[in-house]
Amino acid sequence: MAKVIYGGQSYECGENSVLDCLTAQGVAVPSSCRSGVCQTCLMRAIKGDVPEEARAGLKPTLAAQNYFMACSCYPDTDIEVVLPEAGLGKLAAKVASVEYLGADILGIRLNPASPLEYKAGQFVSLFKDEATARCYSLASVPAQDEALFLNVRRVPNGLVSNWLFENLKAGDEIAISAASGDCFYVPGKTEQHIMLIATGTGLAPLYGIVRDALLNGHQGKLSLYHGGYDTNGFYLVDELKKLAETHDNFSYVPCVSDGVAPAGYAQGIVLDVALAENPDLTGWRIFLCGNPNMVKAAKQQTFFAGASMRDIFADPF
C-alpha cells in the first residue's frame, strides 16, 4: 500500500488521493475544485513517481519540476511531497566575478557551496541580510556554464541593487535561495517556433533559454527581440550576434523605441516590432520577460495572434 510522506511524517494513502490522505490527517493543503481543474492543490514530489493523470493540464515547465495536482494523484508507490513554496531556504555561494555589462547593469557570477539544481531562465534570491532579498533571473545554462550568471540592473534607491553595485567583489560570500520559476525551455517539439521578447534585464533569462534550446538541438525558429529606449539599454550584444551568426535558426533583434535607431537596430517598441515581423503565432511558444506592463500587453497580444495560453511563459519584473 502506497504511503505519502509529508513534513517528515508518513501516512497510508490507501485508495485515496494525496489531497484526501493529507487533509484527513489535518494537513492544510490549499484546494478548491477537487477535480483537477483549478490547480489550487498544486504540490511537488521530491521522491517517488507521480501518475501522469495528476499532471494533466499542467504547463510542461511545471510537470518538468515534478509538480502535480494532489486531488488527482493516486500514487502506486511511496511518494514524498512538499507544498510549492517549500525548499526555498538559503544556500551559501562565493562570488566568482563582477563586471559591468552596461552603464547600470552588473554581471555577477556565483559558485554555490553545494550543487544547485536549476534550469536556465529560472531565478534565485540574493540576500543582503536576513530580512532583505531580491530575485534575479539566471542567464547561465547548467550544462554549459560553471558559474551561475545573473544580470542586475541598478534601481534608484534600490536596497539590494545599490548594495551589490557598491560592495560586491570577487571572493565575497553571499546567501542565495534555491532556484524557482517556470520560465524555462522544456526539450521536445524541436520544430516548434519560439518567440522571446524582453525589456531591460529581462534579457537575462532569455539569454539562458536561447542557449539551452540550441544546446538541446532545437530546430524551429528562435526569434529574440530586446527592447530599450536607446542603445545604452543593450548589453550582451556581441555574444548574441555571434550566436545568430553560428545558428541559422536564431535571430536577434535589438529594438530602439526613442529617437532614430542606428544600423543593426530595429526602430520601434519591441512588442510592435516582434508582432509586425510575426503576425501569425499559431503553434508558437512564447517567452516574455521584463517590464510588467510590456509583459501584460504581450501576453494578451501574442494570444490574440494565435499562441496558446499554455505555450506562453512570462516573468515580469
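Contact map, the stretch 211-224: residues that are over 15 Å from Thr246 (Cβ atoms) and in contact (Cβ under 8 Å) with a residue 12 or more places away in the chain paired with residues that are buried (at least 16 other Cβ atoms within 10 Å of the Cβ) and among the small types (Gly, Ala, Ser), Cβ distance under 7 Å, separation 6+ or inter-chain. Pairs shown: Asp212/Ala120.
Using the structure shown, decide if Ala120 is outside any strand (DSSP E or B), within 15 Å of the chain's Cα centre (by Cα) and without any contact (Cβ under 8 Å) to a residue 60 or more places away in the chain. Considered against the rule, which asks whether it is outside any strand (DSSP E or B), within 15 Å of the chain's Cα centre (by Cα) and without any contact (Cβ under 8 Å) to a residue 60 or more places away in the chain, Ala120 comes out as no. When Lys169 is tested against the conditions (1) of a type outside the set (Asp, Glu); (2) loosely packed, with under 14 Cβ neighbours inside 10 Å; (3) free of Cβ contacts under 8 Å to residues at least 40 places away in the same chain, the lone failure is (3). Being farther than 28 Å from Cys38 by Cβ, buried (at least 22 other Cβ atoms within 10 Å of the Cβ), among the aliphatic types (A, V, I, L, M) and in contact with a Leu (Cβ under 9 Å, 6 or more places away or on another chain) holds for only one residue in Ala113, Ala120, Ala96, Ala70, and it is Ala120.
Answer yes or no: is there a residue in the stretch 164-183 that is modelled with pLDDT of 90 or more, part of a strand (DSSP E or B) and of a type in the set (Asp, Glu). Yes, because at least one residue in the stretch 164-183 is modelled with pLDDT of 90 or more, part of a strand (DSSP E or B) and of a type in the set (Asp, Glu).
Going residue by residue through the stretch 37-48, is there one that turns out to be among the hydroxyl-bearing types (Ser, Thr, Tyr), at pLDDT 90 or above and over 21 Å from Val124 (Cα atoms)? No, the stretch 37-48 contains no residue that is among the hydroxyl-bearing types (Ser, Thr, Tyr), at pLDDT 90 or above and over 21 Å from Val124 (Cα atoms). Of all residues in the stretch 233-257, those that are without any contact (Cβ under 8 Å) to a residue 60 or more places away in the chain have Cβ atoms under 8 Å from Cβ atoms of residues that are among the acidic types (Asp, Glu), 6 or more apart or on another chain, in Val253/Glu277; Val256/Asp230.
The values are calculated or read from the model by the stated rules, or taken from the named source; none is laboratory data. This structure is a prediction, so every number in the text was calculated from the model and none was measured. With ideal geometry, Cβ positions are generated from the backbone for all residues, glycine too; neighbour counts draw on all protein chains shown.
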